[in-house]
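Just so you know, all these numbers are worked out from the coordinates, no wet-lab data involved. Predicted model, so just to flag it, every value in this text is computed and none were measured. Quick reminder, even Gly has a Cβ in these numbers, built from the backbone with ideal geometry, and neighbours come from all protein chains shown.
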Amino acid sequence: MFAVVDIGGKQRRVEKGDRLRLERVEAKVGDKIELSPVLMVQTEKSLKIGKPHVDGARVSATVVAQDRYPRILVFKKKRRKQYKRKNGHRQSYTEVEINSIVASSAATD
């Protein structure tokens, strides 16, 4: 069983037990969160595609970590103009583990 969810403007395919790094979510480590909207759910018997979302479908996850990616270097230079700029960036992320995927029986096919 898997589902496709829209998280932070990106569509992700998730299964139970998967660990994902998402855009930062305001939650503490150990908190349970709902990932929504669910765009598609495939069970052993059927495939449910939402128009645009699957009604009643839920994906629950547990926050495993709140961390930041390694630093990237942003360096700008214009030759022969004495122009140099050095900057760095570290993007924050939330790591979650998928606990369960629930597909509603009343969802549209």
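Derived value for the chain: Kirkwood hydrodynamic radius 15.9 Å. Basis is the mean of 1/r over every pair of different alpha-carbon atoms. Take each peptide in 52-65, 75-88, 15-28, count the other Cβ atoms within 10 Å of every residue, and average; sorted highest first, the result is 52-65, 15-28, 75-88. Model label sites at Asp55 and Leu73, defined 7 Å from Cα along the beta-carbon direction, differ in position by 5.6 nm. Inter-label distance, Arg80 to Ser36: 6.0 nm, where each label sits 7 Å from its Cα along the C-beta direction.
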